[in-house]
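Working notes, beginning with the structure itself.
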């Protein structure tokens, strides 16, 4: 049934990106000056999870590499590399060997290496708001050859904890908003994945529409549900995907996605999540006090509230109520 399992991965980069032409054109316009030996513009891609931000960024840089050989590009997941040392090390890996860099290597020495590059270097900083020390952005702005493609769910998440000068610089970047996909758009995206990855006739249009409704505008969720359904049908030795496969696939895909998000939490975010699972449900104040009792060097209340919002966006928590009646509840992976 499955002819190409890569196509059923949510991070698979298709040969053509559907329903994001305007966003891609805006990003291409911001970056294309580098083709004429001019300075490209920094960009900020904002929108909900699964809206195609990372896909568009990676796709655009792949096309840029096909046009221009003397430009370096690199992808950095700032959720996985949130600490200053790890983020800068990952950035350096895109332009030179880092085998001789250790924990004891001075930060200034690492920056000096980056400042020595002589060719354009475009970096995708995914989940850029996850950087624990955003002063790194200021250092990157100061390097002429470095251009940043920053990705976040919301602009205010990026501006948090920035000084006014750096806020001004980021606001001067090209901001490209992304909306959720419609059901019809998700159906077309899934149909392409089916064409590339599965045998003909294994799933019908009504089943694709069901997956789209369940995904609620999130392409990552939709692709993972399709993958789970196909895998289950193949395990059962079926030639087509059944309703039973879809009933299994929806909770299975969500469980896997939640676990993937949970594995990416930093230490403090994990503590907040653990507090939430122990409380069952709690207000931001209750969660914060329980969190401070667990850790030796707690983050400030405002930061913990940002963590809670992040947990909600990645389906690790649910929120109800408003203002003083707001309450969070952990979703088990």
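The values are calculated or read from the model by the stated rules, or taken from the named source; none is laboratory data. Bear in mind the structure is a predicted one, so any value in this text is a computation, not a measurement. Because the Cβ atoms are built from the backbone with ideal geometry, glycine has one as well, and the counts that use them run over all protein chains shown.
Of everything in region 140-156, what is more than 18 Å from residue 95 (Cβ to Cβ) and crowded, with 18+ Cβ neighbours inside 10 Å? Give them in sequence order.
150, 151, 152, 153, listed by residue number.
Any residue in region 218-232 that is over 15 Å from the mean Cα position of the chain (by Cα) and either assigned by TED's automatic domain parsing to the domain that holds residue 81 or surrounded by fewer than 18 Cβ atoms within 10 Å (Cβ to Cβ) (or both)?
No, that holds for no residue.
Evaluate the following for residue 273: is it buried (at least 16 other Cβ atoms within 10 Å of the Cβ), in a helix (DSSP H, G or I) and in contact with a strand residue (DSSP E or B) (Cβ under 9 Å, 6 or more places away or on another chain)?
Spelling it out, residue 273 is indeed buried (at least 16 other Cβ atoms within 10 Å of the Cβ), in a helix (DSSP H, G or I) and in contact with a strand residue (DSSP E or B) (Cβ under 9 Å, 6 or more places away or on another chain).
For region 80-94, name all the residues that are in contact with a helix residue (DSSP H, G or I) (Cβ under 9 Å, 6 or more places away or on another chain) and either surrounded by fewer than 19 Cβ atoms within 10 Å (Cβ to Cβ) or not in a loop (DSSP other than H, G, I, E, B) (or both).
Within region 80-94, 80, 84, 85, 87, 88, 89, 91, 92 qualify.
Output the residue which, of all residues in region 310-333 that are without any contact (Cβ under 8 Å) to a residue 40 or more places away in the chain and within 24 Å of the chain's Cα centre (by Cα), is farthest from residue 218 (Cα to Cα).
Going through the qualifying residues, I end up with 319.
Any idea how many residues of region 324-333 are surrounded by 14 or more Cβ atoms within 10 Å (Cβ to Cβ) and not in a loop (DSSP other than H, G, I, E, B)?
Selection size over region 324-333: 4.
Tell me whether region 125-136 contains one or more residues that are free of Cβ contacts under 8 Å to residues at least 40 places away in the same chain and either touching a strand residue (DSSP E or B) at 6+ places or on another chain (Cβ under 8 Å) or more than 17 Å from residue 78 (Cα to Cα) (or both).
The answer is no; no qualifying residue exists.
Pick from 53, 90: which is touching a strand residue (DSSP E or B) at 6+ places or on another chain (Cβ under 6 Å) and within 23 Å of residue 257 (Cα to Cα)?
Of 53, 90, the one residue that is touching a strand residue (DSSP E or B) at 6+ places or on another chain (Cβ under 6 Å) and within 23 Å of residue 257 (Cα to Cα) is 53.
Inspect region 314-323 for any residue being part of a helix (DSSP H, G or I) and within 21 Å of residue 132 (Cβ to Cβ) and give the result as yes or no.
No, that holds for no residue.
Looking only at region 245-257, filter to residues that are surrounded by fewer than 18 Cβ atoms within 10 Å (Cβ to Cβ) and under 17 Å from residue 318 (Cβ atoms); which one of those is modelled with the lowest pLDDT?
255
Would you mind stating whether residue 179 is without any contact (Cβ under 8 Å) to a residue 24 or more places away in the chain and out of contact with any strand residue (DSSP E or B) (no Cβ under 6 Å at 6 or more places or on another chain)?
no
Check off (1) touching a helix residue (DSSP H, G or I) at 6+ places or on another chain (Cβ under 8 Å); (2) closer than 21 Å to residue 313 by Cβ for residue 179 and give me the number that stays unchecked.
Result: residue 179 fails condition (1) only.
State the number of residues belonging to region 17-35 that are more than 25 Å from residue 170 (Cβ to Cβ) and without any contact (Cβ under 8 Å) to a residue 60 or more places away in the chain.
Number satisfying all stated conditions: 2.
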